[in-house]
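A quick write-up on the structure given underneath.
The values are calculated or read from the model by the stated rules, or taken from the named source; none is laboratory data. All of these numbers come straight from a predicted model, not from anything done at the bench. Cβ sites come from the backbone with ideal geometry, for glycine too, and all protein chains shown count toward neighbours. Accessible surface is based on the protein model in full, side chains and every heavy atom, while ligands, DNA and RNA are left aside. Shrake-Rupley method; radii C 1.70, N 1.55, O 1.52, S 1.80 Å.
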Amino acid sequence: MGNVIAAAVVSLDGFVADTEDQVGPLFDWYNNGTVEVYGTDPGRPFKVSQASADYINTAWKKVGVAVCGRHLFDLTNGWEGVPPFGEHVVVVTHQPPTDWPFPDAPYTFVSGIEEAVAKAKELAGDRDISLAAGNLTGQALRAGLVDELSYNLVPVIFGTGKSFFGDYAGDQILLDDPKVIEGDRVTHLHYRISRG
């Protein structure tokens with residue numbers, strides 16, 4: 001069974017976007033290097049530093065399913081029907097789209113985080129599940145469903161915005177020491193959640 005990994009690019013003060021869903025300089029590192037990397041879409045290359053490429057190529061190749069909420073799905077138009085990485089996307093929503101132009105895309109719509117993770121595990125087999133940051137991460141943490149955090153830290157302070165952990169207000173959660181990869185304008189911090 002793969003791991004459930006809450007993952008996002010984040011500001012130093014913990015935000016994945018500003019209050020208007022703009023990412024500002026958070027994604028600049030995806031295009032400031034010379035090494036091309038790809039998610040699932042061969043038409044969507046990223047150019048990053050060698051250190052970031054090594055990290056991304058290792059992590060993204062392990063992902064079988066991405067899980068996101070309806071808000072991110074709507075913001076990206078479901079990545080035009082092509083999963084950002086992995087072979088399938090599970091979308092948490094109370095109202096599945098009825099007029100989405102990619103009805104045959106490998107997307108499944110469910111109504112809650114527990115159902116989403118269960119479906120993602122079924123689809124992913126022994127591969128990992130990438131969980132979008134925000135309220136989904138908060139809900140999954142509260143439910144004890146997250147195994148790891150991929151915290152891609154960009155040197156910027158937003159001051160306010162959408163939190164990596166959404167509205168999480170649960171118990172303290174201890175993490176193991178991070179694996180640290182220094183990229184160009186990003187530091188990749190990868191944590192396992194302590195279970196003992």
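Please determine whether any residue of the range 48-55 is out of contact with any strand residue (DSSP E or B) (no Cβ under 8 Å at 6 or more places or on another chain) and at pLDDT 95 or above. Spell out how you get there, then give the answer.
Initial filter on the range 48-55 (out of contact with any strand residue (DSSP E or B) (no Cβ under 8 Å at 6 or more places or on another chain)): none.
No; the residues of the range 48-55 include none that is out of contact with any strand residue (DSSP E or B) (no Cβ under 8 Å at 6 or more places or on another chain) and at pLDDT 95 or above.
For the range 146-196, which positions are of a type in the set (Phe, Trp, Tyr) and out of contact with any Gly (no Cβ under 8 Å at 6 or more places or on another chain)?
Initially, the range 146-196 is screened for residues of a type in the set (Phe, Trp, Tyr), giving 151, 158, 164-165, 168, 191.
Once the filter is applied, which keeps residues that are of a type in the set (Phe, Trp, Tyr) and out of contact with any Gly (no Cβ under 8 Å at 6 or more places or on another chain), the range 146-196 yields TYR151, TYR191.
A single entry from GLY170, GLY166, GLY159 fulfils the requirement of being in contact (Cβ under 8 Å) with a residue 24 or more places away in the chain, crowded, with 18+ Cβ neighbours inside 10 Å and over 12 Å from VAL9 (Cβ atoms): GLY166.
Are any of the residues in the range 173-186 within 20 Å of LYS61 (Cβ to Cβ), outside any strand (DSSP E or B), touching a Ser or Thr at 6+ places or on another chain (Cβ under 7 Å) and in contact (Cβ under 8 Å) with a residue 24 or more places away in the chain?
Yes, because at least one residue in the range 173-186 is within 20 Å of LYS61 (Cβ to Cβ), outside any strand (DSSP E or B), touching a Ser or Thr at 6+ places or on another chain (Cβ under 7 Å) and in contact (Cβ under 8 Å) with a residue 24 or more places away in the chain.
Within the range 28-47, the set of residues being under 20 Å from VAL89 (Cα atoms) and either open to solvent by 60 Å² or more (accessible area, probe 1.4 Å) or in contact (Cβ under 8 Å) with a residue 60 or more places away in the chain (or both) comprises TYR38, PRO42, GLY43, ARG44.
Yes or no, residue by residue, for (1) assigned to a helix (DSSP H, G or I); (2) loosely packed, with under 14 Cβ neighbours inside 10 Å; (3) at negative phi; (4) without any contact (Cβ under 8 Å) to a residue 12 or more places away in the chain:
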{"position": "VAL9", "(1), (2), (3), (4)": "no, no, yes, no"}
{"position": "GLU20", "(1), (2), (3), (4)": "no, yes, yes, yes"}
{"position": "LYS61", "(1), (2), (3), (4)": "yes, yes, yes, yes"}
{"position": "GLY64", "(1), (2), (3), (4)": "no, no, yes, no"}
{"position": "HIS71", "(1), (2), (3), (4)": "yes, no, yes, no"}
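Yes/no matrix, rows are residues, columns are (1) more than 13 Å from the chain's Cα centre (by Cα); (2) among the hydrophobic types (A, V, I, L, M, F, W, C):
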{"site": "PRO83", "(1), (2)": "no, no"}
{"site": "VAL90", "(1), (2)": "no, yes"}
{"site": "PHE102", "(1), (2)": "yes, yes"}
{"site": "THR108", "(1), (2)": "yes, no"}
{"site": "ALA133", "(1), (2)": "no, yes"}
{"site": "GLY144", "(1), (2)": "yes, no"}
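Scan the range 134-156 for residues that are of a type in the set (A, V, I, L, M), touching a helix residue (DSSP H, G or I) at 6+ places or on another chain (Cβ under 9 Å) and touching a residue at least 60 places away in the same chain (Cβ under 8 Å) and jot them down. Show your work before the answer.
Initial filter on the range 134-156 (of a type in the set (A, V, I, L, M)): 136, 140-141, 143, 145-146, 149, 153-154, 156.
Applying the additional criterion that residues be touching a helix residue (DSSP H, G or I) at 6+ places or on another chain (Cβ under 9 Å) yields 136, 140, 143, 145-146, 149, 154, 156.
Within the range 134-156, LEU136, ALA140, LEU145, VAL146, LEU149, VAL154, VAL156 qualify.
On inspection, TYR151 qualifies as of a type in the set (Ser, Thr, Tyr) and under 17 Å from CYS68 (Cα atoms).
I'm trying to understand the selection: among the residues of the range 77-96, which are part of a helix (DSSP H, G or I), over 24 Å from THR58 (Cβ atoms), open to solvent by 40 Å² or more (accessible area, probe 1.4 Å) and not charged (D, E, K, R)?
ASN77
Taking the range 101-166 as the region of interest, the strands (runs of 3 or more DSSP E) fully inside it that hold 2 or more residues being more than 30 Å from ASP184 (Cα to Cα) are 107-110.
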